[in-house]
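K.L.:
One structure follows; several queries about it will come next.
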Amino acid sequence: MEQDPVYSPNKNVDKKYTALAHKYPHLHQPFFKRPDISRRRFFQLAGAGVSGSYLAGRALAASSVDTNQGMATKNTAKNVIFVLLTGAISAWDSFDLKVINGATPAAMNAATINGISWPMGTMPKLGAQLDKLALVRSMSAHALVHTLAQTWSQIGRNPAAALGNIAPNIGSVIAIEKDPLRTPGQVFPAFIALNSPSGAGGGYLPATYAPFRVTQPSGTTNAGIPDTTNKNGQTLFNTMYSRLHQLDDPLRLNSPYGQPLTDYNDFYSQAHGMMYNPTVNTAFGFTAADSVRYGSSSFGNACLVAKQVLAANQGTRFIQISYGSWDFHQDIYGTINPKGSNMFTMSPALDNGVSTLLSDLQSTGLLDETLVVMLGEFGRTPGALTGAGGRDHYVLQTAVFAGAGVKGGKVIGATSSDGKNITDFGFAGSGTTGPRNVWPEDVEATIYSAMGIDWTTIRHDDPFNRGFEYVPFASQGTYGPIHELWA
Amino acid sequence: MGKRRLAMAGGAAAMLLVAGLAITRAQDPVTADRAQERAQARVEEATQMPVSDPSCTFFGPERERFVAGSNARSQGQLTASVGAQLAYSARAVAANVMPSAPGGSRTDSLDHPSSNTIDRYIFPALSAAGVAAAPPTTDWEFVRRVYLDLTGRIPTPAQTAAFINDTSMNKRSTLVNSLVGSPAWVDKWTVWFSDLYQNNSDNAAGTRRFIQGVTAFNGYIRSSLQSNKPYNQMASEIITTQGTDSFTQGEVNYLVGGVVSGGPVQDIYDQQIANTASTFLGLSNLNCLLCHDGRGHLDQINLWGYYTSRKQAWGMSSFLSHTATAATTVSANLRSFSLQDTGKLDYALGSTTGNRPPRTGTGRVSPVYILGNAKPATGENYRAALARMMTSDFQFARAAVNYVWEYFFTVGIVSPSNQFDPYRLDPNNPPDPAMCPMGAPCTLQPSNAALLNALAQDFVNSNYDVQALMKEIVNSNAYQLSSRYNGTWDPSTASLFGRKLVRRLWSEEVHDAITTSSGQLPTYTSGTNWGPVNYAMQLPEPLNTPDGGNGAVNNFLNAFLRGNRDDQPRKPDGSISQSLGLMNDSLVMNRIAPAAAGLLKTTLAMPAAQDGVVGQGGNMGGLVDTLFLTVLSRHPTDTELSTALANLKTNRTQEAQNLLWSLYNKVDFVFNY
């Protein structure tokens, strides 16, 4: 054993720097102005015990622990539907169609609709609803590794960076931000992730704001959420539930073993509220007729459920839907294997699901208050196909927006005819950056702005006491919303 | 609202690319060796395109002017000040009026004054703060707690009875000694160490160990625990190992987790040392320092970090700079890793692309250990030097015992447990307020610094014996305090440890408690990769699941937040899904069916006339008592018994089922209290 090093600061402290530090307070302020105030400790002080809990979450949301730059938000959306096209869809064969001689099949049926190039062969129904869509064709990914970039899209920051592994999904941020608007009797989780079993989670935020994950069957009927009914039937369940309380209330209400056990009972109350609840079954179940309208696919069913969940108005604010895989390194057009997975076999579910979702949202008036965002984690190589008849990874892609006041029938930004470069950003940029391409962080800022959330907000409850900035570097103007969507 | 910012750092947005490192290297004299580095960088998909990021301009030379003179100064020998030692009066504690304990308190062991290191610090600290300790655990509370904490399984009724009926004075330590090192203990702590070492098949940074690598690493951890390998030896092996196949040489997989794509090879060294510093030194803030100096960033967080520069952090990364982590394609979409010290050149500056801000400067950085500034001996392998320095650093022992402490006590003595501040640990040399920037943490960081040091010293003296450390903790009176508390509990005093803080069972523990108590064990397997196993605690990782990514068992386990050993840590939170699962999932419902062979069927076959019989001591009585003892490891209280009996009179079979279902949904089932 060597001599134990006890590390102590150099007494010759840099006075100049200290003076500077006093003059300019930093952004890493612990929110209680006292050392050692970890998140966990905050929960203790909040009287909720050491485990994050439903009650702790409420206390957290209600307390003023944020700072921001006072940005003007759009505040046009109450809800968000976030569609992640995993595997990275080829923009050149979808939202930024390029007709490449010798590559693009005639069956793509390239058309120009109100000046917008569109593949009527694969997405005819969306093509008929271009008046609702805004296409941002100047978007670029930072990285070209699937898991990394998918997570990046969902948390709006680099997963490999300092706060990457504690960063919440955008949906969790919205869930905690909008928690004060929740009204008594609303029984749905604020953030529902459909068909996203391994998507980004709630990060360091309490579990109340983590995604509630439900995967839709590919069949055309569904009764609702798993485990919201009991195999013994409702009557017997009610008996069991009352027996439980009869037996356990001395331990679960004002528990002698501490607050966490009492908090745990709150989740039982919430879960019980979702059981045998016609609202749950109406929102999460569906009939064959509706499923067929949405394309009779798992993805279509998820779109259907998303619409129904929002229509139920039960407190859900953010719905993520994942659909993939679009990772066509080989045989992207099904030239070799037409029945395999390719643009022609994958696109119809997307076309049917999203087009019906948009028209249903519009007919119910929900589209005006729901921002729909659709993108992949990155794009695919432009021009001629690879030797394997596919397209490899590339940064340029197109992000699709609709609803919540976004002007439809619009294209923002443009790429060169060969797809290799951006020729027009169409985006004024953020802060002092000037016009530039759109990054995932800008999409994140756009979502927050639409929801009336200041994207420069910094929470001071993160476990590093570092300050968790909703959009990284946004307070410096590095990233910001795409205001052009509303212009 | 702070519009003025000194600079935000991060790394966060900076990412950027690779693009073949087409940087100016024409006049670089070591171009040939850059080629080697480039090859190393290409371990994953190297199809990145160049992009730039405006935030990079934040990391210019102006930030460097604050660096000068910030080297750490080593102080003298750490002395573990024992301080005033107030005798712990167990009898005084026992004299308190105790809240009723389910299971009854009639067989409490007599508590006794303790010579345990932990007790010598905890109880004086409680007295000094005027905080009363909770009463000691009853034997019933103790037996369930210690089985769960050490082995992850609830005791069988026979195990419970054996302990309760034992009349010897040292029966608690006897039980502890029999559990530590047992096969179930190996299962549980293999998972614990796998969490600590982040052993998974796929992480958000794009690194894939594949299930073959995961099972190999899992096997290494398991065998290390089985042989009670000293912790410093395990750390040294993990840090220094070389090998050509991560699928067959488990310990290779630790550093593989630091492989980062989309950047120069320095990004990999940085991530590998960041992981290592967090795992073995509790210094997760090194990750921050690998992007920027502490000043202007860590001022309000970490005093050591405030005085530490990015350049010093590079000195740590440089210990990895001779190490190449390279992927070998085994078959389509299946790659193993080699880990070999084939490099000759130290950590190069001048990178302008990748996952971290540009490494401003020229030349190379040689390895320098960040706590004390030691350098490798002439000719010494860099990683061997790193392992030697780390494992002989007292901080290595402190970080280890604190991680283990956090598990057993729910809150670390330093918390968060991976954010140590080395300048705020010595009770004999507390931070000088003159050295602390305004508003910075300037008090000792550990809630009980002397305890942490004494515990770490014991760990060192035991030759880093993990089993001995656990025995020391679990045999302390402090650990054996009840989670029941007399009077009003002040949550802000939690870190004085005057009360056991409850812990929601891990996913695996909930699953295994249901399956073992019901007598219906499942069998899980995954082709030739792993299995068959009968306990969730034997699964190699969360991402490789018994019944697929969206299977019922997988969803049940995920609902209890077992995490993914990457960006989703294991969490103690509750959730709606947990409650829905315990109330309605087939894992529970299939096991409360009266017809199914197992606990309920056996119990129903008992004479109805004896339903209300409660066994003597730890022995089982009739139906109600049997269900309670099997599921909750205790007898029913009088109220619980009379309630259950009244219900059973109406429809015995149905009400027995209702009772068993209720037991699985009781809070004292899902929590370790």
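K.L.:
Going by the structure shown, is A:Arg243 more than 8 Å from every other protein chain (Cβ to nearest Cβ) and basic (Lys, Arg)? Give the derivation first.
P.N.:
Values: more than 8 Å from every other protein chain (Cβ to nearest Cβ): no; basic (Lys, Arg): yes.
Answer is no for this residue.
K.L.:
Among the polar types (S, T, N, Q) and more than 25 Å from B:Tyr382 (Cβ to Cβ): which single residue out of B:Ser284, B:Ser227 fits that description?
P.N.:
Of B:Ser284, B:Ser227, the one residue that is among the polar types (S, T, N, Q) and more than 25 Å from B:Tyr382 (Cβ to Cβ) is B:Ser227.
K.L.:
Given the residues B:Tyr464, B:Tyr423, which is the only one that is in contact with a strand residue (DSSP E or B) (Cβ under 8 Å, 6 or more places away or on another chain) and under 25 Å from B:Asn232 (Cα atoms)?
P.N.:
B:Tyr423 is the lone residue from the list that is in contact with a strand residue (DSSP E or B) (Cβ under 8 Å, 6 or more places away or on another chain) and under 25 Å from B:Asn232 (Cα atoms).
K.L.:
Being under 25 Å from the mean Cα position of the chain (by Cα) and aliphatic (A, V, I, L, M): is that true of A:Ala210 here?
P.N.:
So A:Ala210 fits the description; yes.
K.L.:
Determine which member of the set B:Ile301, B:Ile273 is more than 16 Å from B:Tyr423 (Cα to Cα) and either free of Cβ contacts under 8 Å to residues at least 12 places away in the same chain or of a type in the set (A, V, I, L, M) (or both). Don't jump to the end; show me each part of the working.
P.N.:
Values: B:Ile301 fails: more than 16 Å from B:Tyr423 (Cα to Cα).
The match here is B:Ile273.
K.L.:
Just need a number here: residues in region A:233-259 that are farther than 13 Å from B:Lys666 by Cα and within 37 Å of the chain's Cα centre (by Cα).
P.N.:
Qualifying residue count for the region: 7.
K.L.:
Additional query: Could you count how many residues in region A:177-204 are more than 26 Å from A:Gly300 (Cβ to Cβ) and surrounded by fewer than 24 Cβ atoms within 10 Å (Cβ to Cβ)?
P.N.:
Matching residues across region A:177-204 total 12.
K.L.:
Shifting gears a bit: Looking only at residues that are in a loop (DSSP other than H, G, I, E, B) and among the hydrophobic types (A, V, I, L, M, F, W, C) in region B:478-516, which one is farthest from the chain's Cα centre (by Cα)?
P.N.:
Residue satisfying both the conditions and the ranking: B:Trp489.
K.L.:
Taking helices (runs of 4 or more DSSP H) that do not extend beyond region B:244-298, which have at least 3 residues that are more than 15 Å from A:Asn165 (Cβ to Cβ) and in contact with a Ser or Thr (Cβ under 8 Å, 6 or more places away or on another chain)?
P.N.:
Output list reads B:253-256, B:265-281.
K.L.:
Among the residues of region B:575-621, what is the count of those that are part of a loop (DSSP other than H, G, I, E, B) and more than 14 Å from chain A (Cβ to nearest Cβ)?
P.N.:
Number of matching residues: 16.
K.L.:
Looking at region B:523-555, which of its residues are of a type in the set (Gly, Ala, Ser), in contact (Cβ under 8 Å) with a residue 24 or more places away in the chain and either surrounded by 19 or more Cβ atoms within 10 Å (Cβ to Cβ) or within 14 Å of chain A (Cβ to nearest Cβ) (or both)?
P.N.:
In the first step, residues of region B:523-555 are kept if they are of a type in the set (Gly, Ala, Ser); the result is B:526-527, B:531, B:536, B:548-549, B:551-552.
Then keep just the ones that are in contact (Cβ under 8 Å) with a residue 24 or more places away in the chain; that gives B:526, B:536, B:552.
Listed by number, the residues that qualify are B:Ala536, B:Ala552.
K.L.:
For region A:472-487, give me the residue count where each residue is surrounded by 23 or more Cβ atoms within 10 Å (Cβ to Cβ), in contact with a Lys or Arg (Cβ under 8 Å, 6 or more places away or on another chain) and not in a helix (DSSP H, G or I).
P.N.:
Within region A:472-487, residues that are surrounded by 23 or more Cβ atoms within 10 Å (Cβ to Cβ), in contact with a Lys or Arg (Cβ under 8 Å, 6 or more places away or on another chain) and not in a helix (DSSP H, G or I) number 2.
K.L.:
So, of the residues in region B:622-649 that are more than 10 Å from chain A (Cβ to nearest Cβ) and assigned to a loop (DSSP other than H, G, I, E, B), which turns out to be farthest from A:Pro260 (Cα to Cα)?
P.N.:
The extreme case among them is B:Lys649.
K.L.:
It is to be established whether one or more residues within region B:389-399 are outside any helix (DSSP H, G or I) and either at pLDDT below 95 or surrounded by fewer than 19 Cβ atoms within 10 Å (Cβ to Cβ) (or both).
P.N.:
Within region B:389-399 (the criterion being outside any helix (DSSP H, G or I) and either at pLDDT below 95 or surrounded by fewer than 19 Cβ atoms within 10 Å (Cβ to Cβ) (or both)), the answer is yes, since at least one residue qualifies.
K.L.:
Now for a different question. So for region B:434-444 (the condition being at pLDDT below 95 and either under 15 Å from the mean Cα position of the chain (by Cα) or among the hydroxyl-bearing types (Ser, Thr, Tyr) (or both)), does at least one residue qualify?
P.N.:
Yes, some residue in region B:434-444 is at pLDDT below 95 and either under 15 Å from the mean Cα position of the chain (by Cα) or among the hydroxyl-bearing types (Ser, Thr, Tyr) (or both).
K.L.:
Is it the case that region A:458-479 has a residue that's β-branched (Val, Ile, Thr) and touching a strand residue (DSSP E or B) at 6+ places or on another chain (Cβ under 7 Å)?
P.N.:
Yes, because at least one residue in region A:458-479 is β-branched (Val, Ile, Thr) and touching a strand residue (DSSP E or B) at 6+ places or on another chain (Cβ under 7 Å).
K.L.:
Restricting attention to region B:400-436, which residues are assigned to a helix (DSSP H, G or I), free of Cβ contacts under 8 Å to residues at least 40 places away in the same chain and at the interface with chain A (Cβ under 9 Å from one of its Cβ atoms)?
P.N.:
B:Ala434
K.L.:
Tell me, which residue of region A:384-403 that is under 21 Å from A:Leu85 (Cα atoms) and part of a loop (DSSP other than H, G, I, E, B) is farthest from the other protein chains (Cβ to nearest Cβ)?
P.N.:
Here the answer is A:Gly403.
K.L.:
Here is a further query. Any idea how many residues of region A:433-457 are at the interface with chain B (Cβ under 9 Å from one of its Cβ atoms) and either over 18 Å from the mean Cα position of the chain (by Cα) or part of a helix (DSSP H, G or I) (or both)?
P.N.:
4
K.L.:
While we're looking at this one, here's another question. Within region B:200-228, which residues are within 14 Å of chain A (Cβ to nearest Cβ) and either outside any loop (DSSP other than H, G, I, E, B) or of a type in the set (Val, Ile, Thr) (or both)? Outline the logic, then answer.
P.N.:
Within region B:200-228, the subset within 14 Å of chain A (Cβ to nearest Cβ) is B:200-210.
Within region B:200-228, B:Thr207, B:Phe210 meet the criteria.
K.L.:
Right, B:Asn558: within 14 Å of another protein chain (Cβ to nearest Cβ), surrounded by 20 or more Cβ atoms within 10 Å (Cβ to Cβ) and either out of contact with any Leu (no Cβ under 8 Å at 6 or more places or on another chain) or within 17 Å of B:Gln578 (Cβ to Cβ) (or both) or not?
P.N.:
Working: within 14 Å of another protein chain (Cβ to nearest Cβ): yes; surrounded by 20 or more Cβ atoms within 10 Å (Cβ to Cβ): yes; either out of contact with any Leu (no Cβ under 8 Å at 6 or more places or on another chain) or within 17 Å of B:Gln578 (Cβ to Cβ) (or both): yes.
Against the criterion (within 14 Å of another protein chain (Cβ to nearest Cβ), surrounded by 20 or more Cβ atoms within 10 Å (Cβ to Cβ) and either out of contact with any Leu (no Cβ under 8 Å at 6 or more places or on another chain) or within 17 Å of B:Gln578 (Cβ to Cβ) (or both)), B:Asn558 qualifies.
K.L.:
Filter region A:266-280 down to the residues that are at pLDDT 90 or above and at the interface with another protein chain (Cβ under 8 Å from one of its Cβ atoms) and list them by number.
P.N.:
Once the filter is applied, which keeps residues that are at pLDDT 90 or above and at the interface with another protein chain (Cβ under 8 Å from one of its Cβ atoms), region A:266-280 yields A:Tyr268, A:Ala271, A:His272, A:Met274, A:Met275.
The values are calculated or read from the model by the stated rules, or taken from the named source; none is laboratory data. These numbers were taken from a predicted model, which means no experiment stands behind them. In this analysis, Cβ positions are derived from the backbone assuming ideal geometry, glycine residues included, and neighbour counts consider all displayed protein chains.
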